[in-house]
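The block underneath contains the structure these notes are about, expressed in structure tokens.
The values are calculated or read from the model by the stated rules, or taken from the named source; none is laboratory data. This one's a predicted model, so the numbers in the text were calculated from it and none came from an experiment. Ideal geometry is used to build each Cβ from the backbone, glycine not excepted, and the neighbour counts take in all protein chains shown. We work out accessible area using only protein heavy atoms, side chains counted, and drop any ligands, DNA or RNA first. Shrake-Rupley method; radii C 1.70, N 1.55, O 1.52, S 1.80 Å.
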Amino acid sequence: MKSTLAVYPGTFDPFTNGHLDILERASRIFPRMIVAVVANAEKSPLFTVEERIQIIRDATRGMKGVRVDAFDCLLVDYVSEQGGSVVIRGLRAISDFEFEFQMALMNRRLADGIETVFLMPHESYTYLSSRLVKEVSLLGGTVKGLVSPMVERMLRDRYRQRKPGKK
Ligand code: ADP
């Protein structure tokens, strides 16, 4: 019998060490995983889908059983299409709970056979978000240790031209 396939979906703009922490924990439970980049996000992302995939491939190099992909349809349709039955999401704090809870129940309503599994990251990542990483980088602060060296470099390049001066 094939092992359960789990999908870890997200915007991942960009992928952080918090995302990686969740992925590593999930892949200890589910030997087959897909990290799936949401390609139709309403928000306008800093990195293209291709860049985000490239970043995640680099960060997960050497992790057995982990595949990276993108999708632009309903999450539950994508998971079924791939033959998966589990969705992985990360919970950092109470503030994540309400949105995640709504989404998990909506997904269950759409596809009862797919379960959402929540994992908590190491406490040192509970304050970490892609949004904060971008804000700190934009203002010239360091994000070392919070993202991979590749992301650090890409953020620096992206924001180099846009560095704000003093008002
Ligand atoms: P989305 O737009 O789908 O929320 P994100 O890339 O922001 O995409 O997050 C994807 C998933 O990873 C979500 O479940 C989010 O709660 C989780 N996540 C984001 N940052 C962290 C972190 N630092 N630690 C644990 N989970 C996280």
- request: Take the solvent-accessible surface of the protein heavy atoms, probe 1.4 Å, and return the percent of it on the chain that carbon and sulfur atoms account for.
  value: 53
field: Signed unit charges on C-beta, dipole axis of the chain, positive-most listed residue 85, 145, 103
entry: 145
task: Mind ranking 134, 43 by accessible surface for me, highest first, 1.4 Å probe?
output: 43, 134
- prompt: Anyone know which of 82, 54, 102 comes out most mobile in the 10 Å Cα GNM of the chain?
  reply: 102
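Tell me the mean residue ellipticity at 222 nm calculated for the chain from its helices only (DSSP H runs of n ≥ 4, each -39500 (n - 2.57), averaged over every residue, nearest 500). Each step should come with its number before you reach the end.
Working: 6 runs with 69 residues, N = 167.
Calculated at 222 nm, the ellipticity per residue is -12500 deg cm²/dmol.
Of the DSSP beta bridges with both residues in the chain, give the percent that are antiparallel, rounding to the nearest 5.
On the way: 0 of 20 bridges.
Approximately 0 percent, going by the DSSP bridge assignments.
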field: Folded to 0 to 90 degrees: helix 149-160 orientation relative to the chain principal axis, Cα
entry: 50
statement: The number of Lys pairs in the chain whose alpha carbons lie under 26 Å apart, excluding pairs fewer than 8 residues apart on one chain, is 11
message: Between 124, 85, 137, where does the largest GNM mean-square fluctuation fall for the chain, given springs only between Cα atoms within less than 10 Å?
response: 124
statement: One checks the Cα atoms of the chain and finds Rg and Dmax, in Å, of 16.3, 63
task: Taking the Cα centre of segment 5-126 as origin, work out the dipole magnitude from +1 charges on Lys and Arg Cβ and -1 charges on Asp and Glu Cβ, in debye rounded to 20.
output: 400
task: Skip the ligands, DNA and RNA, and give the accessible area per residue of segment 5-126 with a 1.4 Å probe, whole Å².
output: 53
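Please compute the length gained on full extension between residue 80 and residue 126, using 0.36 nm multiplied by the number of residues separating them and subtracting their Cα-Cα distance.
Values: separation 46, 0.36 × 46 = 16.56 nm, distance 3.03 nm.
Stretched out fully, the residue 80 to residue 126 stretch lengthens by 13.5 nm.
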